[in-house]
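Participant: Sending over a structure as structure tokens; questions will come in a sec.
None of the figures in this text is laboratory data; all of them are computed from the coordinates on show. This is a predicted model, so every value here is computed, not measured. Glycine also receives a Cβ, built like all others from the backbone with ideal geometry; neighbour counts cover every protein chain displayed.
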Amino acid sequence: MKRSVGKMGRGCWSDIPVHCDQEKIKKTVEASRKAFCEKESGGVLSEWEFICLQSRYIRKQWWVIQGLLLLAVWWILRFSRSPYAVQRSLGAAAPLFVMLLIPELWKNRRSNAVEVEGTTLYSIRQICGARLVLFGMADLCLLTVFFLGVWCTGRISVQEFVVQFLVPFQAAGCICFRLLYSRKAGSELAALLACMVWTLVWLQLVLNESLYSAVSLPVWGALLGLSVLYLIYCIKRGQENCQQLWEAGH
């Protein structure tokens, strides 16, 4: 007994037998794991809560600028008597309206946010998806109010709005989202330049009376439908391969 105490006094505890109940250890581990999962599941945000949370990090001045742009176009349409002014204002405003999305949507890529994705609960794909939903909802509201305003004043018909605004709007959107999810760096500047080139091309097209009149309404409708499908494809493909594309671009 004294010898055992002496060994214990010198810090030698290896001689003391330890009895382990494997069943109790497994039950303890399982109970701990279950409690941890329940705690974590209670802290995960729903999809709508996550979207609302992302709205706090979007700079609202871009929506304000978009609204002011549409207000300026409405003012031109309201007081202008020249059909060429209508075509110029709508043709130039549509790509510019899309270009105002670039600074905010490119923010994560420009800041190399993909490098810290491994330390976050939500992925870059989820963050980009939430911001696309937010911008889509905001732009839909702005464009709906704008269309109702110009339509009620009798300055533009549904056909003119579709051809002169929605067609260049969709084309500019295809350009931006195709370059947003490209593998090359510097896509933000490339998107701006491409949208400006497209604006000049479009203005030359609509101001050429003979060429503009030669395109029938079904053709414009087909072009609009194709641009919508291609825009959906660009967004879907980009969201599916967001991390790989952005990593390859750095």
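Participant: Between Arg125 and Leu203, what is the label-to-label distance in nm when each label sits 7 Å out along the Cα-to-Cβ direction?
Facilitator: Placing both labels 7 Å beyond Cα along the Cβ direction yields 4.1 nm.
Participant: While we're here: Simple spin-label model, 7 Å along Cα-to-Cβ: Trp151 to Ser213 in nm?
Facilitator: 2.8 nm
Participant: Please list 3J(HN,Hα) in residue order for segment 192-202, calculated via the Karplus relation 6.51 cos²θ - 1.76 cosθ + 1.60 where θ = phi - 60°; whole Hz, with x for glycine and proline.
Facilitator: Working through the residues one at a time gives 4, 5, 5, 5, 5, 4, 4, 4, 5, 5, 5 Hz.
Participant: How many nm separate the modelled label positions at Leu71 and Thr28, each set 7 Å beyond the Cα in the direction of the Cβ?
Facilitator: Computed distance between label sites Leu71 and Thr28 equals 6.7 nm.
Participant: Calculate, in nm to one decimal, what Lys60 and Lys107 gain on full extension: separation in residues at 0.36 nm each, minus their alpha carbon distance.
Facilitator: Working: separation 47, 0.36 × 47 = 16.92 nm, distance 1.39 nm.
Using 0.36 nm per residue and subtracting the Cα-Cα distance, I get 15.5 nm.
Participant: What FRET efficiency comes out for the pair Val162/Arg237, r = Cβ-Cβ distance, R0 = 25 Å, nearest 0.05? If you can, show how the numbers build up before the last one.
Facilitator: Numbers: r = 26 Å, r/R0 = 1.05.
About 0.45, to the nearest 0.05.
Participant: Got a sec to turn the phi values of segment 218-223 into Karplus ³J(HN,Hα) couplings, 6.51 cos²θ - 1.76 cosθ + 1.60 with θ = phi - 60°, whole Hz, x for Gly and Pro?
Facilitator: Ordered by residue, 3J(HN,Hα) equals x, 5, 4, x, 5, 5 Hz.
Participant: With just the Cα atoms defining each centre, how far is segment 155-195 from segment 125-145? Give it in Å.
Facilitator: Cα centres, segment 155-195 to segment 125-145: 15 Å.
Participant: Using each residue's phi in segment 208-214, evaluate 6.51 cos²θ - 1.76 cosθ + 1.60 at θ = phi - 60° and report the 3J(HN,Hα) Karplus result to the nearest Hz, with x for Gly and Pro.
Facilitator: 8, 4, 5, 5, 5, 6, 6
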